[in-house]
Amino acid sequence: MNQSTSGPQTAIVPSALAEDPYAVYARLRQAGPVHRITGTDGLPAWLVTRYDDVRRALADPRLSLDKHNAAPGGYRGMALPPALDANLLNMDPPDHTRIRRLVTRAFTSRQIEQLREPIQRTADQLLDAVGAAESVDLIASYAAPLPITVICDLLGVGGGDRHDFRSWTDALVAPDPERPALAREAVGRMLAFFTQLISDKRTAPADDLLSALIAVRDEDDRLSEDELMSLTFLILFAGYENTVHLIGNAVLTLLRHPDQLAELRADPTRMSAAVEELARYDGPVPLAIRRFATEDVTIGDVTIPAGETVLLCLAAAHRDPDRFTDPDRFDIDRDAEGHLALGHGIHYCLGAPLARMETEIALSTLFGRFPDLALDVPPSELRWRPSMRSRGLLSLPVRTGVSKEAATRR
């Protein structure tokens with residue numbers, strides 16, 4: 001018998017997600033493939049939990065990213081002004097196809113590969129500074145500044161113009177319900193920053209991604225001004241936010257599995273495969289970007305009515321025992337091919353090669369530099385962002401294993 005909106009709703013509690021999201025999603029996955037939920041923002045949505053269903057839904061054209069297909073009163077995601085909202089995460093074909101093709105032309109493998117040496121240099125410089133301390137917050141000192149430096153280099157943002165992107169993205173992804181003005185202020189500052197940045201690049205173009213996108217906009221006239229601004233925002237936001245948490249979560253996972261970390265240290269060539277398993281095991285994006293049913297869609301024994309919001313739970317899919325054997329076990333030798341951390345279908349992450357490169361370099365450099373790196377607090381004391389949208393640590397206190405004497409000599 002098909003269920004629909006008349007069924008009971010399960011409330012997703014922020015504190016439960018922060019404590020153990022995988023236990024929450026496992027209970028839902030075991031209970032059924034689709035659930036009517038109330039999200040942490042109090043809005044209703046349908047949550048899809050099983051791997052095969054999630055993978056199919058990611059490529060289902062009946063599930064739209066365009067907010068115009070949303071029914072009134074449902075979950076719609078972040079509220080942004082048009083100048084930041086006309087991006088690939090809110091588009092279906094043919095606009096999505098047109099813009100993705102243009103971005104792909106500018107976001108070339110050559111440009112990505114050219115970032116390898118700068119990424120390595122930045123990682124080394126950040127760890128040079130970290131090495132002067134016995135203990136440090138690895139998120140603030142390493143996992144956050146590395147991706148922001150990389151994405152700013154890619155866009156061509158000068159060192160003096162690298163504003164506090166982390167506070168801006170935090171205000172959007174995990175808004176403080178007691179201080180709603182912070183999110184509005186962050187949007188205003190981002191809008192002003194990108195407006196000035198694009199103006200400066202028009203005046204003095206360079207060999208960077210943003211200049212290339214401006215050339216597409218101005219010469220071919222195939223990007224609107226809002227699309228150009230929104231793309232710039234998306235590249236910064238997605239390229240920074242997700243990679244911070246991918247690196248942070250990966251470091252924590254490896255520190256909590258010292259036997260497997262020892263194997264990686266003994267054979268660093270295994271790091272590339274390990275990054276895939278790290279993305280599956282505790283990735284930065286628990287939920288794919290919300291979708292809206294353009295017609296009634298049946299998944300399992302549940303019919304989701306047209307206009308309803310659909311959330312595809314990657315975190316639940318990645319722990320589905322029907323797809324991954326013993327899925328709650330971290331295993332660097334696992335064949336994690338088919339994980340959905342970077343998407344699937346036409347919305348597969350354009351920046352996937354860059355995210356993989358950054359994470360591999362970040363981990364190899366960190367654990368090569370500090371062989372005695374260890375957590376500085378019990379895992380139970382670590383604080384996670386209370387968000388359905390992202391899975392990331394607020395801080396990661398570690399001991400570097402560097403003695404005071406050695407630190408002084410440095």
Query raised in the report: So which of Arg184, Arg265 ends up being without any contact (Cβ under 8 Å) to a residue 24 or more places away in the chain, over 15 Å from Ile151 (Cα atoms) and surrounded by fewer than 18 Cβ atoms within 10 Å (Cβ to Cβ)?
Result: Arg184
Query raised in the report: So, of the residues in the range 355-397 that are basic (Lys, Arg) and assigned to a loop (DSSP other than H, G, I, E, B), which turns out to be nearest to Gly248 (Cα to Cα)?
Result: Arg391
Query - Segments classed as helices (runs of 4 or more DSSP H), wholly inside the range 68-152, with at least 2 members that are loosely packed, with under 15 Cβ neighbours inside 10 Å - result: 95-106, 109-114, 116-130
Report task. Check Asp60, Asp52 and return the single one that is at pLDDT 95 or above, under 18 Å from Leu340 (Cβ atoms), outside any helix (DSSP H, G or I) and not aliphatic (A, V, I, L, M). Result -> Asp60
Report task. Could you please let me know if Ala316 is surrounded by 22 or more Cβ atoms within 10 Å (Cβ to Cβ) and at pLDDT 95 or above? Result -> yes
Query - Options Asp331, Asp320; residue that is part of a loop (DSSP other than H, G, I, E, B) and either closer than 30 Å to Ile119 by Cβ or hydroxyl-bearing (Ser, Thr, Tyr) (or both) - result: Asp331
Report summary line: When (1) over 23 Å from Leu287 (Cβ atoms); (2) among the small types (Gly, Ala, Ser); (3) modelled with pLDDT under 80 are applied to Gly74, the one that fails is (1)
Report task. Check Ala352 against each of (1) surrounded by fewer than 22 Cβ atoms within 10 Å (Cβ to Cβ); (2) in contact with a helix residue (DSSP H, G or I) (Cβ under 9 Å, 6 or more places away or on another chain); (3) among the aliphatic types (A, V, I, L, M) and name the one condition it does not meet. Result -> (2)
Requested in this report: Return the only residue of Phe165, Phe194 being at pLDDT 75 or above, under 22 Å from Thr243 (Cα atoms) and hydrophobic (A, V, I, L, M, F, W, C).
Outcome: Phe194
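The values are calculated or read from the model by the stated rules, or taken from the named source; none is laboratory data. Computed from a prediction, not measured in an experiment: that's the story for all the values here. Note that each Cβ is placed from the backbone with ideal geometry, even for glycine, and that neighbours are counted across all protein chains shown.
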